[in-house]
Each structure stands twice: as C-alpha cells, then as structure tokens.
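Beneath this line is the structure, given in structure tokens, with notes to follow.
The values are calculated or read from the model by the stated rules, or taken from the named source; none is laboratory data. Bear in mind the structure is a predicted one, so any value in this text is a computation, not a measurement. Here the Cβ positions follow ideal geometry from the backbone for every residue, glycine too, while neighbour counts run over all protein chains shown.
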Amino acid sequence: MAERHVRAPWSLPAFAMLVCTAFVGVTAVPGTSLAQAEVLTPPAPVAAEAQYVVVEGERGSDAVRDASYTVTEPPRATAPASGVPDPGSAQAIAYDLVAAKGWSVSEYDCLVALWNRESHWNIYAYNPTSGAYGIPQALPGNKMASVGSDWKTSAKTQIIWGLGYIQGRYQTPCGAWAHSERVGWY
C-alpha cells in the first residue's frame, strides 16, 4: 500500500501568496500581455418602448415609465415555513381551505405570517382604533356576515371571508403578504 502524501503546513499559504502576487503583477504592471488584453464590455441596453403601469388607487390615470425601465415579474414575497398546524385549530381550517383553492404550501405560509401579524389568529381580535375585527381584521367586522351569521365567533367563517378578500384584492396570500411587507397593512 502506497503511503499518503502529507503537505507541509506552510505550502498552502505560500502557494496562495505566490498566486496573488502573480495576479497583481500581471494585471497591475504596464507592458504585460494580459494588461494589454481587450476589455470585454457588456452590450449596450436596447431601448424599449415606453411602458404604462396603472397604479392602484389612481383611477383614470396612467403612470408612464421612461423607456429604459424594464418590467419584470414583481418579487414574490416569501414567509417563513409555518409547519403543520394543530388539528382542529384555526390554522388547520385555513390549511384545508388554502389547499381546496389549489394554492401551494408557500401560500399557506404567507397566510400564517400575514394573520400572525394582523391578529395572532384570534377570532376575537379587535382594533379599537380602526374597528377591524377577527382573524383577517375585516374592516368593518360585520362585512364577514356575508359568509355567515356566526362571523363574530367562527374561525371558519372568518377564514373563508378573509381568503375571499385576499383572492379578490391580491390574488394570493403571498400577494397580500408582499403588500403588507411593503406598506404594513393589507
């Protein structure tokens, strides 16, 4: 059996110093062939047509972006993984309802983070300043009566209403979470 070669403890730092010195010498010393090499530059951006964006809340007016502005997909907000909810809890009800809408687990995670921020999943949460009520902090709370007369005491009624509100206004819980992250409310 061949013996294994053991490197001297000083060899790696010495080699690293040699490589760094060579690199600096080649790139910083004028007259070397590498320093005279052609520098590659990225191609100039192609001007695009002006793009129009309708800003929420500004009815009848468009905000025009300059021609160099590129529209990309908005960043998707992600929330920390929420884990498996306790059976029978409000979060378990929400988990089932989110899945029934065909949304992913990451959408459920956004919903958990959003409603942790809003109400800590308390069906009796009440904001005396705004009058918002319940898990989704409906404003006013009696809007949730459109789903059920038990809106003051039923987690399921509040969650169904809240998911409908989110879907109608933000498309998904992560859309609502992204808005909440940007402005502090949804």
Among the residues of segment 94-108, is any part of a loop (DSSP other than H, G, I, E, B), modelled with pLDDT of 95 or more, within 20 Å of S154 (Cβ to Cβ) and of a type in the set (A, V, I, L, M, F, W, C)? no
If we keep only residues of segment 152-167 that are surrounded by fewer than 23 Cβ atoms within 10 Å (Cβ to Cβ) and in contact with a strand residue (DSSP E or B) (Cβ under 8 Å, 6 or more places away or on another chain), then the residue nearest to V98 (Cα to Cα) is Y165
Scanning segment 106-135 for residues that are on the phi > 0 side of the Ramachandran plot and small (G, A, S) gives G131, G134
For the structure I just gave you, tell me whether L111 is under 16 Å from P80 (Cα atoms) and under 20 Å from the mean Cα position of the chain (by Cα). yes
Members of segment 109-127 that are without any contact (Cβ under 8 Å) to a residue 24 or more places away in the chain and not in a loop (DSSP other than H, G, I, E, B): N116, Y126
Result of the Cβ filter at 7 Å on segment 163-181, keeping first residues that are in contact (Cβ under 8 Å) with a residue 60 or more places away in the chain and partners that are hydroxyl-bearing (S, T, Y) and not in a helix (DSSP H, G or I), at least 6 apart or interchain, is A176/Y186; S180/Y186
Quick check: is even one residue across segment 137-149 touching a residue at least 24 places away in the same chain (Cβ under 8 Å) and in contact with a helix residue (DSSP H, G or I) (Cβ under 8 Å, 6 or more places away or on another chain)? yes
